[in-house]
Amino acid sequence: MKAAVFKQLENIVVEDVPRPVVGEREALLKVEACAVCGSDIRIFHHGNDRVKLPQIIGHEIAGRVVEVGGKVTTLKIGDRVAVGADVPCGHCAYCESGHGNNCSENYAMGYQFAGGFAEYCLLNEQVLNYGPVHKIPDHVSCEEAALAEPLGCVINGMEMVDVRLGDTVVIIGGGPIGCMMASVARLHGAAKIVVVDKNERRARASLEYGANGYIWSGEADPVEQVMKLTGGAGADVVLTACPVASTHLQAIEMAGHRARVNLFGGLPAGTTITLEPNKIHYKEMFVMGSHGSTPRQHKLALDLIASGKIDISRFITHRFPLEDIRLAFRAAEEQNGMKVIVNP
């Protein structure tokens, strides 16, 4: 089969590799769509301790089951399924409490397990028993279903900050994740949803995805603008949705008393920031992080897509064949659109 093999930093090659052999408790997926995530870009440039090279990455996956092992009862040939990233071990304290994205083993598709930038993807026993594998409703396309993975991560982040009716929500980053956050914040009943981005086009485009205000940080200081917008009170909720360390500090600066701040945007390993603890102390802020999602949140994301409450098709702006994986990565990095889909 053809696969995009990540061989070393900044080197990914499309080549022929053996098609996975399916065990009796496994299934084989013919990948129809795998979206490019910011995490894929970070892995490509900086690597990841969980990704042992060479590896097939890609974790926003959807496709059709073409082979099942003799002891698999949950899937059959012909089923279309969406697959998320985080795979709980099913046995540790975090998994047993429903927080499998904090699993002690920390398994994930496209990390320890070969991912979706390939013609076929193996769903091993661990993935089938505990992972985010959900059947796709007939009226939902595989491209749309693949985006249940990032939307599930957004749902996790939004549940952490507990957006409430009437809240002022500021999202730093106007890319796909930031705009999905805006869409979900609107469902939660936020009164003001403001997206901050250094790219004016992206900042303005967020209005099409649920924001009712934007700040172009290339022109104005976002902290000053948020304070002006809120009459000096600061935002009720702030989330970072970009891989820039300085935005984490800005998030704390623009948050109000008893605000909930989620440092959602992942940074390269070893990145540090210096902050003033008294800003958190005297404002009684709740500062947290979130990453990934649980199978429950992945299923909820797929349900929201299927219901039409989130029009996920509007997020898809680029499509590439597997052979053009480098062009797909470049399109995602250049930020000329939203989600980039690879169609193996």
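Computed quantities for the displayed model
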read-out	value
Antiparallel content of DSSP bridges confined to the chain, in %, to 5	55
Extended-chain gain in nm, criterion 0.36 nm per residue less alpha-carbon gap, residue 50 and residue 274	77.9 nm
Net charge of Cβ neighbours under 11 Å - reference residue 1; Lys, Arg +1; Asp, Glu -1	0
Helical contribution to [θ] at 222 nm, DSSP H n ≥ 4, -39,500 (n - 2.57), averaged over the chain, rounded to 500	-8500 deg cm²/dmol
Residues 236, 40 arranged by fewest to most Cβ contacts within 10 Å	236, 40
Pairwise centroid distance, computed over Cα atoms, of the range 202-265 with the range 304-333, Å	25
Residue of 38, 152, 84 that the Gaussian network model of the chain assigns the largest fluctuation, springs spanning Cα pairs under 10 Å	38
Whole-number D in µm²/s for the range 1-84 (Stokes-Einstein; Kirkwood sum over Cα pairs; 10 °C, 1.306 mPa s)	112
Whole-angstrom Cα spans of the chain along principal axes, big to small	63, 40, 40
log10 of Debye I(q)/I(0), alpha-carbon scatterers only, for the range 244-336 at 0.14, 0.21, 0.25 Å⁻¹	-0.85, -1.09, -1.15
Size of the range 1-155 as Cα extents on the principal axes (Å, biggest first)	39, 36, 31
Ratio Rg/Rh [Cα only; Rh per Kirkwood] for the range 39-113	1.03
Antiparallel DSSP beta bridges within the range 160-288, as percent of all bridges there, nearest 5	0
Over 21 Å (Cα to Cα) - which of 198/283; 192/228; 2/71 fall in this group	198/283; 2/71
Gap separating the Cα centres of the range 43-97 and the range 127-157, nearest whole Å	11
Convex hull projection area averaged over all views, the range 169-313, Cα basis, nm²	9.1
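No lab work stands behind these numbers, since they all come straight from the coordinates. What you are looking at is a predicted structure, and each value in this text was computed from that prediction instead of being measured. FYI the Cβ positions are ideal-geometry reconstructions off the backbone, even for glycines, and counts take in every protein chain you see.
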